[in-house]
Amino acid sequence: MILGRITGKVSTHNFRFEIKGDAKKFGYVQVSHPDYGFVLGQILEIERTSEASIAICNVLGFRDSDNILRGLRTPFEPGIEVLRADDDFVKTILGLELAGNGAYMGVLDGRNNLKVHIDLDTLITKHVFITGKSGSGKSYAVAVILEALLDGKVPLVIIDPHGEYNSFSQPSENLAKLQEFELKPKAYLGQIDEYSPDIEANPTAKALKLNSQRLTPSEMIKLLPTKLSNSQLGILYSALKNLGNEASFDDLIFELEASEESSAKWTLINMLEYVKRLDLFSDNGTLPSELVNLNKCSIINLRGIPPEVQEVIVYKLANDLFMERKRGNIPPFFLVIEEAQNFCPERGFGEAKSNAIIRQIAAEGRKFGMGLAVISQRPSRLDKSVISQVSTQVILKVTNPNDIKAITNSVEGMTFELENELQNIPIGTALITGVIDLPLFVNIRPRRTRHGGEAVKIFSKPVDNEEVNESNLMLLVQPKMTARDIELMSETPVKVTTKLAPCVMLRCNQGSEDFNLLVDLNEAKIITNVEKNEGFELSKIKLYDISEQQSKVFQTALKLSQFKPAELFSQSGVQFSDLYDLITVLVQKGYLEQEGDSYKVSGPLQQFSNLQTLAIYQKPEFVQSKHDGMLDKIVGVDAVKSLFVKFSQVKSVKECWLVKHIIIP
C-alpha cells in the first residue's frame, strides 16, 4: 500500500513524506533504496496543515548479507514512494523471528500478527527492569514474564511487599481475550510456595525464618533495623570483638549488659530485644535450598511487615541466596524484587540495609546464573548503578518528569518523540527495549493466570493440567543400572517401568562430620541402597512433641549407649530436681526406655543415635530423564525436617527425585 512520497529535506537518519494513504503515528514503512533495497522506517510524528499532512519518519535500517542491522550511508531520493511495511518485512528487519522461543510478551503495536518474545537466557543472565506509574499495568506485565519463566521450569524467588503474586495458583477466566492471543488458561498450583514472616496476617503462607547460625559481626550489625550512631557502632564492635567470629543475639545482649555503663548501650539492648521479639531468626531457619529448586516459585510475602524490617529480610535472603548460588549449592534462578526503590534507593533518597547486596547481584549475578528483575514505579528513586546493569527494560505509562528523565538517561535508542510518548502510553501497552537494538511498542498479552488485583473466586470448573514434558531438566538420584540393563540381564523376559519418587536430600551433622540422608517421601523411608531401594522405614518412628528442656536431655542421652540419671545429670546441665520428671516424660513419649535402674534410647530410635550409618553418598544431579510416571508424597518435607532436627543439625534441604526401576514379570 502506497502511503505517499518523500518530500523536503532528507538525511541518512530521517525523512518526511506527504501522506496520501492511511498513515498512523509509530507505524512502520518501507522505502526502496538504490544501494540497499528496501529499508525499514517508522513514523514518529504527523503534522497537518491546510494544504497537506506530513509524516516525520526515522530510518531504522536494513539487514546486510551477514544479517546485521545497518543504517544508511546515503539518503533516499526525494519523490520516491513510501509503502506500508509488510508484516514479513517488519519481522525480518526487527529480528523478531530470532527471539521466537523466548517469553511471549505480546504483539507489536499495530501489527497483531507479529509476536514479540524476550529470550529467557537474556532475562536470567542480563537482568530486566520494569517500570510504570501506579495503575499502568506494571505488575500485570511482570506476571506475563514470570508465567513464561514458570513454563520454562526456571526457579523463581519473588520479593512481594504487598502480597500481589499469590494468584499464580489460579487460572484466568478471561477466555475470550486469551483466544485472541492463541493462549489457554493455566494454573501453576504445584509450582508455587508462599512464605511469610507473619503467618497470622498471611495464613496461606509457610513460616519464613531467617537462619541465625554462624552470624558474623558485620551481619549482626546489618540485621539491626536502624542506622547506628558512631558511639553505638563503637560499643557494638567492642562487644562483638569479645564474642569472636560467631555470636547469637542472646550472647550479644549478655555481653552488652556486662559491659561498662553507657546510655548508648541500653538503646542497643532495646534494639536487640526488639529484633528477638520479631521472631524472625531461628537456628532451624528456612534454608536457601528450600526456596530455590527446579520448577519452583517461592513468593516471599512481606505484607504487614514494617519497612525497616523488610529491608533486613531482603538483605539476609538476597545475601544467603547469592552466596549459595556462587558455591553451586542451588540451581540457577531468577530473583524478582517488587518496589525496588525501597530496597536499593538512589543516593539522596536514603540508604537501605539491602542496597549493597542488590548492587552486587546486579553487577555480578550474571556470572553465576542469578538473574535479577527490579520493579519500581519511581525510577528516579532507584539506584542508577542497578539500572545501568540491566539490558532489558519494560516501560509502561510514566508521567512524573523526574521519572521520565531517569528513564531517558538509561535507555539506549530513546528519541525525543519516544520520550514524549511515555506520558501517553495506553494501559496494556509497553515500550520494551533489549529484544532488539531498537525500542518497540508492544501490546502486552493477557495473563494465563488470574490477575492479583481481581477478587478471588472459587473455581467454577477444574482446569485440565497440560501434559508434562517427560524430558524436563530435574534433580535426580539415579541407580547405576538402567531399565534396559535390567531387561537384558534378566534370565526370564521382563518389562521394566521407570517411576520417579519424590525425595528430600538432607545435609546433616551429628558429632563432627557432615553427611547426606535421602528420604523417599512416597514410602516414608530413608534410602540407604539406591540400586535395591532398601532403607530404614520411618513408619517405625512415632514421636510426640517435646519441650526444649526435654529435647536437651534427649540430645545428651543420644550420646550415651546406656546411662543412669546421675550420669545424665553430669552432662545435660539440667537441674537434678527436674531430671527425673524429664526422664519420666521421655519414657512415656517413647524416646527412652528403662532397664532396671538404667535407661537407654528406645529401640527404634537407637538407629538415630548414629545417623551416619544411614548416609548415602550418591549426589543428585540436574539431568534430563524420561519416565513412566511420578509417585505422590505421603509425607511432607517439613515433617521430615522437623523429625531430623531432633537428632542432628540440618544444614540444607534439597527436594529431588529418586529414579525407581520396577520389574513387571
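The values are calculated or read from the model by the stated rules, or taken from the named source; none is laboratory data. Note that the coordinates shown come from a computational prediction; the quantities given were computed from them, not determined experimentally. Positions of Cβ are generated from backbone atoms using ideal geometry, with glycine treated the same way; all protein chains shown enter the neighbour counts.
Mind checking whether some residue in segment 583-593 is touching a Gly at 6+ places or on another chain (Cβ under 8 Å) and over 30 Å from Glu194 (Cα atoms)? Yes: segment 583-593 contains one or more residues that are touching a Gly at 6+ places or on another chain (Cβ under 8 Å) and over 30 Å from Glu194 (Cα atoms).
I need the full set of residues from segment 602-620 which are surrounded by fewer than 16 Cβ atoms within 10 Å (Cβ to Cβ), modelled with pLDDT of 80 or more and over 35 Å from the mean Cα position of the chain (by Cα), in order please. If the condition is that a residue be surrounded by fewer than 16 Cβ atoms within 10 Å (Cβ to Cβ), modelled with pLDDT of 80 or more and over 35 Å from the mean Cα position of the chain (by Cα), then Asn610, Thr613 are the ones that fit.
Give segment 253-286 a look and list any residue that's closer than 15 Å to Ser212 by Cβ and β-branched (Val, Ile, Thr), or say none. Answer for segment 253-286, where residues must be closer than 15 Å to Ser212 by Cβ and β-branched (Val, Ile, Thr): Ile253, Val275, Thr286.
Among the listed residues Val659, Val637, identify the single one that is over 23 Å from Tyr195 (Cβ atoms) and either modelled with pLDDT of 85 or more or crowded, with 16+ Cβ neighbours inside 10 Å (or both). If you could, list the steps in order and put the result at the bottom.
Numbers: Val637 fails: over 23 Å from Tyr195 (Cβ atoms).
Just a single option satisfies the conditions, and that option is Val659.
Leu96 meets the stated requirement of being under 30 Å from Val39 (Cβ atoms), surrounded by fewer than 22 Cβ atoms within 10 Å (Cβ to Cβ) and not aromatic (Phe, Trp, Tyr).
Residue check: is Ile43 over 41 Å from the mean Cα position of the chain (by Cα) and outside the structural domain of Ile432 (by TED's automatic domain parsing)? Working first, answer last.
Numbers: over 41 Å from the mean Cα position of the chain (by Cα): no; outside the structural domain of Ile432 (by TED's automatic domain parsing): yes.
No, not satisfied.
Between Asp597, Asp628, which is of a type outside the set (Lys, Arg) and farther than 23 Å from Asn522 by Cβ? Don't jump to the end; show me each part of the working.
Numbers: Asp628 fails: farther than 23 Å from Asn522 by Cβ.
Only one candidate passes the filter, namely Asp597.
Across segment 326-346, the number of residues qualifying as surrounded by 24 or more Cβ atoms within 10 Å (Cβ to Cβ) and charged (D, E, K, R) comes to 1.
Quickly run through segment 100-144 and pick out the residues that are of a type in the set (Gly, Ala, Ser) and either assigned by TED's automatic domain parsing to the domain that holds Gly27 or part of a strand (DSSP E or B) (or both). Even if it seems obvious, please write down each step before you answer.
Kept after step one, since they are of a type in the set (Gly, Ala, Ser), are these residues of segment 100-144: 100, 102-103, 106, 110, 132, 134-137, 139, 141, 143.
Passing the criteria: Ala103, Gly106.
Return yes or no: is Val623 assigned by TED's automatic domain parsing to the domain that holds Gln550, closer than 17 Å to Leu475 by Cβ, under 27 Å from the mean Cα position of the chain (by Cα) and assigned to a strand (DSSP E or B)? Taking the combined requirement at face value, the residue satisfies it. Condition (residue is farther than 24 Å from Val519 by Cβ and either modelled with pLDDT of 85 or more or within 25 Å of the chain's Cα centre (by Cα) (or both)) applied to segment 481-490: is it met by at least one residue? Checking segment 481-490: not a single residue is farther than 24 Å from Val519 by Cβ and either modelled with pLDDT of 85 or more or within 25 Å of the chain's Cα centre (by Cα) (or both).
As a summary of the residue check, Val390 satisfies the conditions (1) of a type in the set (A, V, I, L, M); (2) at pLDDT 90 or above; (3) assigned to a loop (DSSP other than H, G, I, E, B); (4) under 30 Å from Phe622 (Cβ atoms) except for the one numbered (2). Among the residues of segment 371-384, is any on the phi < 0 side of the Ramachandran plot, part of a loop (DSSP other than H, G, I, E, B), surrounded by 19 or more Cβ atoms within 10 Å (Cβ to Cβ) and not polar (S, T, N, Q)? Yes, some residue in segment 371-384 is on the phi < 0 side of the Ramachandran plot, part of a loop (DSSP other than H, G, I, E, B), surrounded by 19 or more Cβ atoms within 10 Å (Cβ to Cβ) and not polar (S, T, N, Q).
Scanning segment 487-515 for residues that are out of contact with any helix residue (DSSP H, G or I) (no Cβ under 8 Å at 6 or more places or on another chain) and crowded, with 17+ Cβ neighbours inside 10 Å yields Leu500, Ala501, Pro502, Cys503, Met505, Arg507. Within segment 177-207, the set of residues being touching a Leu at 6+ places or on another chain (Cβ under 9 Å) and in a helix (DSSP H, G or I) comprises Lys177, Gln191.
Considering (1) modelled with pLDDT of 80 or more; (2) out of contact with any strand residue (DSSP E or B) (no Cβ under 7 Å at 6 or more places or on another chain); (3) surrounded by 15 or more Cβ atoms within 10 Å (Cβ to Cβ), the lone condition that Gly452 does not fulfil carries the number (1).
Restricting to segment 406-439, name every residue that is assigned to a helix (DSSP H, G or I), in contact with a Leu (Cβ under 9 Å, 6 or more places away or on another chain), of a type in the set (S, T, N, Q) and within 20 Å of Ile56 (Cα to Cα).
Of all residues in segment 406-439, those assigned to a helix (DSSP H, G or I) come to 406-410, 416-424.
The next check asks that each one be in contact with a Leu (Cβ under 9 Å, 6 or more places away or on another chain); those that pass are 406-408, 416-418, 421-422.
Checking the rest, the ones that are also of a type in the set (S, T, N, Q) come to 408.
Those that are assigned to a helix (DSSP H, G or I), in contact with a Leu (Cβ under 9 Å, 6 or more places away or on another chain), of a type in the set (S, T, N, Q) and within 20 Å of Ile56 (Cα to Cα): none in segment 406-439.
One residue stands out among those in segment 137-187 that are modelled with pLDDT under 85 and among the hydroxyl-bearing types (Ser, Thr, Tyr): the one that is nearest to Val314 (Cα to Cα), which is Ser167.
This table checks each residue for (1) free of Cβ contacts under 8 Å to residues at least 24 places away in the same chain; (2) buried (at least 21 other Cβ atoms within 10 Å of the Cβ).
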| position | (1), (2) |
| --- | --- |
| Val29 | no, yes |
| Gly37 | no, no |
| Gly41 | no, yes |
| Glu51 | yes, no |
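State which residue is nearest to the chain's Cα centre (by Cα) when the search covers only segment 65-79 and only residues that are in a loop (DSSP other than H, G, I, E, B) and among the hydrophobic types (A, V, I, L, M, F, W, C). Show your work before the answer.
To start, the set of residues in segment 65-79 that are in a loop (DSSP other than H, G, I, E, B) comprises 65-68, 71-79.
With the extra rule that they be among the hydrophobic types (A, V, I, L, M, F, W, C), the set shrinks to 68, 72, 76.
Working: Ile68: 35, Leu72: 43, Phe76: 49 Å.
Among those residues, the one meeting the criterion is Ile68.
Annotation: of all residues in segment 644-656 being crowded, with 19+ Cβ neighbours inside 10 Å and of a type in the set (A, V, I, L, M), the one that is nearest to the chain's Cα centre (by Cα) is Val653.
If you scan segment 339-370, which residues turn out to be in contact with an Asp or Glu (Cβ under 7 Å, 6 or more places away or on another chain) and either over 20 Å from Asp160 (Cβ atoms) or touching a residue at least 60 places away in the same chain (Cβ under 8 Å) (or both)? Scanning segment 339-370 gives Phe343, Glu346, Lys353, Arg359. The set of residues in segment 260-270 being hydroxyl-bearing (Ser, Thr, Tyr) and at pLDDT below 75 consists of Ser262, Ser263. Restricting attention to segment 366-418, report how many residues are out of contact with any helix residue (DSSP H, G or I) (no Cβ under 7 Å at 6 or more places or on another chain) and β-branched (Val, Ile, Thr). Total meeting the criteria: 3.
Assess whether Ile357 counts as being among the aliphatic types (A, V, I, L, M) and closer than 17 Å to Ile432 by Cβ. No, not satisfied.
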